[in-house]
1. Check which residues have an amide H placed less than 5 Å from Val363's amide H, if you skip close sequence neighbours.
2. Compute the signed sum of charges (Lys and Arg +1, Asp and Glu -1) over the other residues within less than 13 Å, Cβ to Cβ, of Asn395.
3. As a footprinting exposure proxy, order Val433, Val468 by other Cβ within 10 Å, with the fewest listed first.
4. Output ³J(HN,Hα) for region 491-502: one whole-Hz value per residue in order, computed from phi by the Karplus curve 6.51 cos²θ - 1.76 cosθ + 1.60 with θ = phi - 60°, and x for Gly and Pro.
5. Once you have all Cα-Cα distances for region 210-258, histogram them in 5 Å bins from zero and send the whole-percent values.
6. Could you give each residue of region 538-550 its phi-based ³J(HN,Hα) in whole Hz, using Karplus coefficients 6.51, -1.76, 1.60 with θ = phi - 60°, and x for Gly or Pro?
7. Whole-Hz ³J(HN,Hα) for each residue in region 386-394, computed from phi via Karplus 6.51 cos²θ - 1.76 cosθ + 1.60 with θ = phi - 60°, x for glycine and proline: what do you get?
8. Could you please report the charge total around Val539, scoring K, R as +1 and D, E as -1 over all other residues with beta-carbon less than 11 angstrom from its beta-carbon?
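Only the coordinates and a few stated rules stand behind these numbers; no lab work does. A quick note: this is a predicted structure, and the numbers were derived from the prediction, not measured. For neighbour counting, all protein chains shown are included, and Cβ atoms are generated from backbone atoms with ideal geometry for every residue, glycine included.
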Amino acid sequence: MSTPVELPLSQVQPGSSSDHAGALGVGDGSPPGDVPQLETPPKRRRLSSKRPAAALWMAAELLQQPGHEVEGEKKGAEAAEAAGHSESLSPPSVEGVDATLSRCEYKIFHGKFWRWYAKREGLHHPDAPLKCKPLRSLCVLQRLQMIEAWAKEDASCPEDFKTRVLMRFQVASQRPEVSSGILKGNGWLFTWNGDWGLLPLSVVDGEWLEIPDLCDKLKDHPAVIAMRDKFVERCEFWTDKLNLKDIAYCIELSVGSYKQAKALAQETFAKGQPSSGDRSESLSPPTESCGAPQEQDARPLRLHIHAWLKATRMHTIKNYQKVFEFDDSAPMVSSLAAAAGGRKQASGNQGAYYVQCPKIGQVLMGGNIEPFRDYLVNANWVNHMVQLGKLSMENAREQIVKTGTNVPRMLENLERVRAEREVDRLKNHVANVHEQLALVTRPMRTIPLVETWLGSYASVLFRYRFLVLDGPSQMGKTVFCRSLSPNRDCFLEVDCAGKLDPDLREFRALQHDTLLFDEASAKMVLKHKKLFQASASWVTMSSSTTNMYSYKIWTHQVKMIIASNRWNVELQTLQVADADWLRSNSFYVAVTSPLWVQEPQPGGASRP
């Protein structure tokens, strides 16, 4: 074993390992094997992308303090310098124009802008940050025009802040070239939008057609064919530069924008005003610059291009938005390609299938590869397109059959999705019908006996009496019962015509507070006495010898109403004990006139 060497005092630093060794008696002749091995703790590394904490001071009082643009930049620069960052927090000024925006200022502008855009486009607040990305797909001039529209319409920002934001984008428009980032990989899914894709309705003879018929007409139009030829020429350029081996592209119609413009045109036509489609016949072809929002509404046909490009090897492309620019439009990179491009070959073709599958709104499709011939299609990709609403159920069924994988299970799942979506659409339709009927429903009369019955539910009792509305048809009995429950979701109507067992499987004890048994008979009530008394006990429905289909419900303090047109007649046919029980456990209202408030007419008459 080697003898430890003692260092001179001049070479021993405080806190060094030699200092620790001396403190442990290494130089005193102590056994060196008893000395523990001391390791220096690892040094913590600060991430280079860590943002300076002091630069966040402007978020609260940025738009309230005068002169914040000078002081904010000074503090932000000091914070960046203290954190070791050499990157500037704002772009440089050009020709003496103060176009500096800190990161916090730009963040505030971005929040103001997407709130204004979401309100303008009718997007819901939770979905606005995801769908509100209009600046990413526009060229420099189009982006500047969009910012000018925001500054003119948004009144929530000070004028000096909007002026500085406008200067910031004006400076950006004067720069010859701005780096757009780095793109890595060998497969990319791009989307291009631009003013070149806006077409007037006159290209289809000014008719608001259905989506399939509209796409059939557009695919043979000279403007669309010229757009395709120009894009194919651009693809040949990228093939020569990047050695592309797989190319798939399609020209699609923005279905959402078209439906919105169609609905607006129908609304304006109903009001007797000329629609945007009528104005489009006198418009000139689309120009290179993006028009104002009013001009865009006059061209309701909005086309965009999707393309899947795959190279023979991996590439690192700097300023990719400039490299893949098409007709002054920068591309948007889909996350689908980023997720699938780095996987194996079978998964990497999902981007190609997204472009080439028979989507809703597809006008043209082309490329040097085809699905099911040049690459295999995963059935889950078809489900993904159905989830996005890009594929119709008929096309999805055909695509699943072509995959030949788990066809029975996939078709069963697809049929279930179709049925559930049909139920949701029907629910929305019913809700719209009820909203329209609520606008024409007249106020109901106040009946003292009904008010007494309602007052009995104010206290907690063991059981309650039910209400009977007995009268001829078309007297408003059903609508009157609905008016007793202000919330439509808390009211449940059950059709009991010709039945002895009401179907209450849709009843929810914590949701429904009023039950209407329409056309219920006296025999039904006698069979289910505990149910109609709303007693504080469980009620078993659909009882039988085996109780195979029976179920239990809790109906305590639930308002029970029976609407009938022959209740009194049925009581006369019952035994005396049964008739007496029904009378003593119910509030009976004989309806002899309409239950709604009648409108007075000139001359003292009333109109129902």
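1. Those qualifying (amide H under 5 Å, at least 5 residues apart or on another chain) are Ile251, Glu252, Leu253.
2. Numbers: positive: Lys359, Lys390, Arg397, Lys402, Arg418; negative: Glu394, Glu398.
That sum, taken over residues with Cβ under 13 Å, equals +3.
3. Numbers: Val433 10, Val468 26.
Ordered from fewest to most neighbouring Cβ atoms within 10 Å, Val433, Val468 come out as Val433, Val468.
4. Using θ = phi - 60°, the values come out as 10, 10, 9, 10, 7, 10, 5, x, 10, 10, 10, x Hz.
5. Result, from short to long distances: 5, 16, 23, 19, 15, 12, 8, 3, 0 percent.
6. So the Karplus estimates, Gly and Pro as x, are 6, 10, 9, 10, 6, 6, 8, 5, 9, 6, 5, 10, 7 Hz.
7. Using θ = phi - 60°, the values come out as 5, 5, 6, x, 8, 10, 6, 5, 5 Hz.
8. Numbers: positive: Lys529, Lys530, Lys552; negative: none.
Summing Lys/Arg as +1 and Asp/Glu as -1 gives +3.
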